[in-house]
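One structure below.
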There are 2 protein chains.
Amino acid sequence: MDADATEPRTRAARRAATAQRILKAAQFEFGERGLDATTVRAIATRARVDPSLVIQHYGSKNDLFAIAAQLHRESTDEDVIEHLLDVLDVRLNELPPETRALVRSMLTAPEATLAMQEFLNERVKGLSRAIEGVDADLRAALTVSSVLGLTIARHFLGLHALTEISEEQIARTVRPWLTAALGEDTTAPRSADSARPEQPPTP
Amino acid sequence: MDADATEPRTRAARRAATAQRILKAAQFEFGERGLDATTVRAIATRARVDPSLVIQHYGSKNDLFAIAAQLHRESTDEDVIEHLLDVLDVRLNELPPETRALVRSMLTAPEATLAMQEFLNERVKGLSRAIEGVDADLRAALTVSSVLGLTIARHFLGLHALTEISEEQIARTVRPWLTAALGEDTTAPRSADSARPEQPPTP
DNA sequence: AGGTTCGCTCAACGCCTGTAGAGTCAGTCG
DNA sequence: CGACTGACTCTACAGGCGTTGAGCGAACCT
């Protein structure tokens, strides 16, 4: 468990280790309080390190944020909805720290806003390419936005009905409903059974 | 157009007017940059007023934010989805300034987070009371979260497919899809209290 | 008309921030 | 073993912040 306990012998390795410790601390603080409200001193304290060392390692607070909030974006064009659920994580797990940091600041830090815009637009493009019919872009954007909203409501606002959710409920209600926007059926006045959970779609 | 141009004669009226000017400036700044990144001086400059006057009027920056970001919450139990679309505004209009201020800071300012939690939980409660069937809470939360996501994606991140949207497209795609999560048609019986006191979950 | 009120500005305070540069001491190496 | 390197800490600074209290002058009251 204790990854910190094992202290490397060589100097370079120790340096790399503290750099990593600083990065993790930064991700946590940024993810919890956002870019503005997070102080370099708070990061340093959490990493058990002097504030100036944080700067020596990463140049500036903003540079550190840029690294700490960087999503690793792989573009799997297939299995889009699954990947979406994975990346924006409506699942039961915690959010990965870098995602948390980025989302937390996306409304207040211009650089985070930009990164999020790019990321989401990318997802929308991928999705809309994968589906067919009229308003493909709109329906893709609908799905992506909803997953974003779900993520925020669940992981950042702690909406009751979403925090107590089970895998089974996701399968029964959330997933079919989300994928519904990707189908063409939306133009109908109201699709009869797609969202009705009376009879769960059997896997 | 010039609502500011007409200067009231009485002293009290003038004071009230500048108070209003400060409030509007605060809403704009908070809505654009968030609580942390907004300075009292910036608000004062925008209101063409000395920074200290802002404090004299509203006590502190945080008090001012609390007032500037206060949503007027009427609880109309009927026509829930319509009201939801109205309040969280997936429509074509701009967001009302106080909504914008609150949403902008909801991920970084604890007080805003709390206000948003209360607001959304309230909406979820109202919705889930109005619909029937299993997982009513979950389906209500799904809808509310999605509207939140749509609002953010549209008004704060500017997702292409959502900014260029037309009323017709909303009617055709967004609304039916959103209401789909609610199960039955929204215009269906809302006061099901008498008919449905409690419903045991049927697996 | 003259004294009082009070909305507003001015100047300044103490605090906290990000960051720079000098100093320190353990690890490294010939 | 002694000199050096470099990862880290210490000290400090300049700038911006929210907020305060004194002062000014126009509006107000009698």
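Readers should treat all values here as calculations from the given coordinates under stated rules, not as data from a laboratory. These numbers come from a predicted model, not from an experiment. So basically every Cβ, Gly included, is an ideal-geometry build from the backbone, and we count neighbours across all protein chains shown.
Between copies, the label points of residue A:179, set 7 Å from Cα on the Cα→Cβ line, lie 2.5 nm apart, reported in increasing order to one decimal in nanometres. The charge dipole of segment B:88-157, taken about its Cα centre with unit charges on the Cβ atoms of Lys, Arg (+1), Asp and Glu (-1) only, comes to about 180 debye. Residue order for A:138, B:159, fewest other beta carbons within 10 angstrom first, comes to A:138, B:159.
The mean number of partner chain beta-carbon atoms within 10 angstrom of a residue's beta-carbon across peptide A:97-106 is 1.
For residue B:17, inter-copy separations between label points set 7 Å beyond Cα along the Cβ vector come to 6.9 nm, shortest first. Whole-Hz Karplus values for segment A:142-159 come out as 4, 5, 4, 4, 5, 5, 4, x, 4, 4, 4, 4, 7, 8, 10, 10, x, 4 Hz, taken residue by residue from phi with 6.51 cos²θ - 1.76 cosθ + 1.60 and θ = phi - 60°; glycine and proline positions read x. Residue exposure proxy: A:9, A:172, ordered by other Cβ atoms within 10 angstrom of their Cβ from fewest to most, comes out as A:9, A:172. Classify segment A:134-184 as rounded, prolate or oblate from the Cα gyration tensor: take a ≥ b ≥ c as the square roots of its eigenvalues, call it rounded if a/c is under 1.5, otherwise prolate when a/b beats b/c and oblate if not. Oblate, since a/c reaches 1.5 and b/c is not below a/b.
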